[in-house]
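Enquirer: Take a look at the following structure, please.
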Amino acid sequence: MIDKIRNFAIIAHVDHGKSTLADRLLELTGTVTGRHDEQMLDRNPISRERGITIKLAPVRMKYALAVTPTKVGVQTPDVNFRLDSGRSLPRTPLRGRNDEEYILNLIDTPGHVDFSYEVDRTLSCVEGVILLVDATQGIQAQTIANAYKAIEKNLVIIPVINKIDLPSAEVEKTKSQLIDFLGVVENEIFEVSAKTGLGVEELLITLIEKVPSPVEGSVSKFFSPVGPPVKPDSQVEKNLTPSPSNVLKSLIFDSYYDTHLGVIAFVRVFSGEMKKGLRVKLANLGTEFIVNEVGYFSPDLVPSNKLTGGEIGYVVTNLKDIRDVAVGDTIVNQKAGTELSLPGYKKIHPMVFASIFPTDTADYLNLKKALEKLTLNDSSLEYSAVYSQALGTGFRVGFLGLLHADVVRERLEREFGLSLVLTPPKIEYRDSQIRGMKEEPWIKVTILTPDGYVGEITQLMQRYRSLFLTMDNKNQTIMVYEMPMAEMITDFFDNLKSVSSGYASLDWAFLDYRPVKADELKILINNQPVEEFSEIVVEERSYERANYLTNKLKELIPRQQYEVRIQGQYKGKIIASTRIAPFRKDVLIKSGKVLGTGDVGRKKKLLEKQKEGKRKMKMVGKVEIPKEAFMKLFKK
């Protein structure tokens, strides 16, 4: 049974055609028949509208190598087997055996950098990958990042060029890039059109031949332990050694919450077997439960009697809180210890934070319930209640990145009918042991761009406190920098696309925290701090940021009956200031008649009286900042 299993994933840069290729494979294997939605594995409507995968999706397919000889009885090493499509393939040991049915477990992965941890988890569950490259765009940043992850795990990589049917396709150029990057020969690269199905059948058969079947109990080539190098005789090294086939080890690579069934965990079984009624636990969290149901994806849930070594499927836990099931944890027998935990487990930590407020304060409880429901299916979300004098009660939410934040906001508004204000995303600074300093997160940025835009991008990077590391320009230029994450979440990506005419692509990975001179920039309105506009800013950006905020608020806050002074305070000093002039009534004219004419003293007396009235009004008045002002500023 296990030698007929093939576990593989499709990895690529965003919008290179992964989900469309998955559709053709589902049709070719007969997993789906008749008319169906495009990008069938992308169940989220937002994902379909944007044309990007934001959630990994597994599916089991069955395929028999039912190829027929071109000439019956002729045994030659040349082309002598013909596919159902009419195209021929050379003979191999697998071809021509019509009784062989294979189980193909496919996992479609996200292509955006925000969801790179989902790709990590997926690659820990498979033995091979299809590396898909768009012929019109060539190799891009996530292509390289995902390929390196597969190489680190020693997976079989099948390079595939997609969209060869398009007039703008540059097949030969893309081939040259793949040959230089992977070190493969030209005939190992497949050319397909996922839209029309051209070449997909040959790819599927080659995948069965090249991707090895899983070896029960062996996990050593799949996991890269998190942290320092493994010491000899360490516990991690012991965990990497093959386990007896009857010892249960099953990796959780995803999960979601079902109202009736509770938490449903997506698993890859490495050894042992899982079946209904088995008492198990999570090796790291210690959560214990009784298996309520097991099965596989087709692509809907299909119950089965058991899951054995090498298989990918689901487990119904009947747990009511998704936080009780940590993605990346290991399911083991109830009496087993933590020593059976598969290495590589790590908790996902949000990198970007923003506050969410309902535009109608009466919707606070609805927002709370919506976040609770969303968290059940997105364990990477973290939130806590916050209060704002201007916006009322809301939540501070942690996200994996800017796209993740935008998707969550859109889901809250669309699925739960909420109108929301999302504050600008911020990163989290840590306190430093050095006085007057803080620690900020740094990232490693990889930029791929055509050669003609290197100069513009180099100048751009100098404006964002970046450190140049290396550059390679064999086929297209690969530029590697280190930079603070606070710089990347501003307008960096928009400017990068602008200076490169949209051709540059970006990938990033967290490095570490580094000390920096930074403090809180407070925005004062008539000497009163407004917390919503205050933020941690590095010293060299303080004047620039303070001037921007004060001038922008001057445009957004409506005029009052008295003067409104807007100031930026940094380290106790006012570093930027502007004012909004009050409405001024001309007290020298009343009912169309000029008052005080001929007597300058009378004019001054009336003006002083008006000035005193506005001074008293300022003492007791409160500047009302409309929510539209917050929304316009935060949108920027």
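Enquirer: For the list (1) open to solvent by less than 80 Å² (accessible area, probe 1.4 Å); (2) touching a residue at least 12 places away in the same chain (Cβ under 8 Å), I need the number of the one condition that K474 fails.
Expert: Every listed condition holds for K474 apart from (1).
Enquirer: Identify the residue in the stretch 369-400 that is farther than 25 Å from E118 by Cα and crowded, with 16+ Cβ neighbours inside 10 Å and, among all such residues, is modelled with the lowest pLDDT. Walk me through it before giving the result.
Expert: Going through the stretch 369-400, the residues farther than 25 Å from E118 by Cα turn out to be 369, 385-395.
Filter once more, so that each one left must be crowded, with 16+ Cβ neighbours inside 10 Å: 386, 388, 390-392, 394-395.
On the way: V386: 85, S388: 75, A390: 66, L391: 73, G392: 78, G394: 87, F395: 88.
Across the stretch 369-400, the extreme among qualifying residues is A390.
Enquirer: Now, a different point. If E439 meets every condition in (1) in contact with a Lys or Arg (Cβ under 8 Å, 6 or more places away or on another chain); (2) part of a loop (DSSP other than H, G, I, E, B) apart from one, which number is that one?
Expert: (2)
Enquirer: Also, quick follow-up: Condition first: out of contact with any strand residue (DSSP E or B) (no Cβ under 7 Å at 6 or more places or on another chain) and either closer than 12 Å to R579 by Cα or free of Cβ contacts under 8 Å to residues at least 40 places away in the same chain (or both). Now tell me which residues in the stretch 529-555 satisfy that.
Expert: Step one: filter the stretch 529-555 for residues out of contact with any strand residue (DSSP E or B) (no Cβ under 7 Å at 6 or more places or on another chain), giving 540-541, 544, 548, 552, 555.
The answer is R541, E544, Y548, K552, E555.
Enquirer: Could you say whether any residue in the stretch 528-547 is over 25 Å from G436 (Cβ atoms) and among the β-branched types (V, I, T)? It would help to see each step written out before you state the result.
Expert: Just the residues of the stretch 528-547 that are over 25 Å from G436 (Cβ atoms), to begin with: 528, 532.
Retained after the next criterion (residues that are among the β-branched types (V, I, T)): none.
Looking through the stretch 528-547, none of the residues is over 25 Å from G436 (Cβ atoms) and among the β-branched types (V, I, T).
Enquirer: For residues that are open to solvent by less than 20 Å² (accessible area, probe 1.4 Å) and outside any helix (DSSP H, G or I), tally how many sit in the stretch 458-471. Full working, then the answer.
Expert: From the stretch 458-471, those open to solvent by less than 20 Å² (accessible area, probe 1.4 Å) are 460-461, 464; that's our starting set.
If we keep only those that are outside any helix (DSSP H, G or I) as well, we get 464.
Of the residues in the stretch 458-471, 1 are open to solvent by less than 20 Å² (accessible area, probe 1.4 Å) and outside any helix (DSSP H, G or I).
Enquirer: So how many residues does the stretch 401-421 have that are modelled with pLDDT of 80 or more, open to solvent by 20 Å² or more (accessible area, probe 1.4 Å) and within 29 Å of F493 (Cα to Cα)?
Expert: 8
Enquirer: Just to be sure I understand the filter: pairs with C-beta atoms under 7 Å, separated by 6 or more residues or on different chains, first member in the stretch 360-376 and in contact (Cβ under 8 Å) with a residue 60 or more places away in the chain, second member open to solvent by less than 80 Å² (accessible area, probe 1.4 Å). Which pairs pass?
Expert: Between residues of the stretch 360-376 that are in contact (Cβ under 8 Å) with a residue 60 or more places away in the chain and residues that are open to solvent by less than 80 Å² (accessible area, probe 1.4 Å), the close pairs are L376/Y257; L376/I322.
Enquirer: Need at least 3 residues that are under 28 Å from A326 (Cα atoms) and at pLDDT 70 or above per element, so show me which strands (runs of 3 or more DSSP E) inside the stretch 76-178 make the cut, counting only ones lying wholly within it. Full working, then the answer.
Expert: Numbers: elements: 79-82, 88-90, 101-108, 128-134, 156-162.
In the stretch 76-178, the matching strands (runs of 3 or more DSSP E) lie at 101-108, 128-134.
Enquirer: Another question, then. Considering (1) touching a strand residue (DSSP E or B) at 6+ places or on another chain (Cβ under 7 Å); (2) under 30 Å from E172 (Cα atoms), say which one M488 fails and leave the rest.
Expert: It is condition (2) that M488 fails.
Enquirer: Turning to a different aspect of this structure: Tell me, which residue of the stretch 193-213 that is part of a loop (DSSP other than H, G, I, E, B) and among the polar types (S, T, N, Q) is nearest to A135 (Cα to Cα)?
Expert: Pass one, the stretch 193-213, residues part of a loop (DSSP other than H, G, I, E, B): 194-197, 199, 211-213.
Subsequent filtering for residues that are among the polar types (S, T, N, Q) retains 196, 213.
On the way: T196: 15, S213: 30 Å.
Filtering the stretch 193-213 for residues that are part of a loop (DSSP other than H, G, I, E, B) and among the polar types (S, T, N, Q), the one nearest to A135 (Cα to Cα) comes out as T196.
Enquirer: On to the next question. When you go through N284, N305, N333 one by one, which is the residue that is open to solvent by 10 Å² or more (accessible area, probe 1.4 Å), among the polar types (S, T, N, Q) and in contact with a Leu (Cβ under 7 Å, 6 or more places away or on another chain)? Break it down into steps so the answer makes sense when it comes.
Expert: Details: N284 fails: in contact with a Leu (Cβ under 7 Å, 6 or more places away or on another chain); N305 fails: in contact with a Leu (Cβ under 7 Å, 6 or more places away or on another chain).
Sole residue among the options that is open to solvent by 10 Å² or more (accessible area, probe 1.4 Å), among the polar types (S, T, N, Q) and in contact with a Leu (Cβ under 7 Å, 6 or more places away or on another chain): N333.
Enquirer: What are the pairs with Cβ atoms under 7 angstrom where one residue, in the stretch 10-30, is free of Cβ contacts under 8 Å to residues at least 24 places away in the same chain and open to solvent by less than 10 Å² (accessible area, probe 1.4 Å) and the other, located anywhere, is aliphatic (A, V, I, L, M) and in a loop (DSSP other than H, G, I, E, B)? Sequence gap at least six, or different chains.
Expert: The qualifying pairs do not exist here.
Enquirer: Which of (1) at pLDDT below 85; (2) outside any helix (DSSP H, G or I); (3) open to solvent by less than 50 Å² (accessible area, probe 1.4 Å) is the odd one out, the single condition Q610 does not satisfy?
Expert: Condition (2) is where Q610 drops out.
Enquirer: Would you mind stating whether N526 is in contact with a strand residue (DSSP E or B) (Cβ under 7 Å, 6 or more places away or on another chain), touching a residue at least 60 places away in the same chain (Cβ under 8 Å) and surrounded by 14 or more Cβ atoms within 10 Å (Cβ to Cβ)? Show your work before the answer.
Expert: Numbers: in contact with a strand residue (DSSP E or B) (Cβ under 7 Å, 6 or more places away or on another chain): yes; touching a residue at least 60 places away in the same chain (Cβ under 8 Å): yes; surrounded by 14 or more Cβ atoms within 10 Å (Cβ to Cβ): yes.
Answer is yes for this residue.
Enquirer: Return the only residue of D507, D491, D519 being surrounded by fewer than 19 Cβ atoms within 10 Å (Cβ to Cβ), among the charged types (D, E, K, R), touching a residue at least 24 places away in the same chain (Cβ under 8 Å) and not in a loop (DSSP other than H, G, I, E, B). Explain how you work it out, then say what you get.
Expert: Working: D507 fails: surrounded by fewer than 19 Cβ atoms within 10 Å (Cβ to Cβ); D491 fails: touching a residue at least 24 places away in the same chain (Cβ under 8 Å).
Within the list D507, D491, D519, the selection yields D519.
Enquirer: Further, regarding this structure: Which one is surrounded by the most Cβ atoms within 10 Å (Cβ to Cβ), of the residues in the stretch 231-261 that are at pLDDT below 85 and among the small types (G, A, S)?
Expert: Checked the stretch 231-261; the qualifying residue surrounded by the most Cβ atoms within 10 Å (Cβ to Cβ) is S255.
The values are calculated or read from the model by the stated rules, or taken from the named source; none is laboratory data. From a predicted model like this one, the values you see are computed outputs, not experimental measurements. Reconstructed Cβ throughout: ideal geometry from the backbone, glycine too, with neighbour counts over all protein chains shown. Just so you know, the surface numbers come from the protein's heavy atoms only, side chains and all, with ligands and any DNA or RNA stripped out. Shrake-Rupley method; radii C 1.70, N 1.55, O 1.52, S 1.80 Å.
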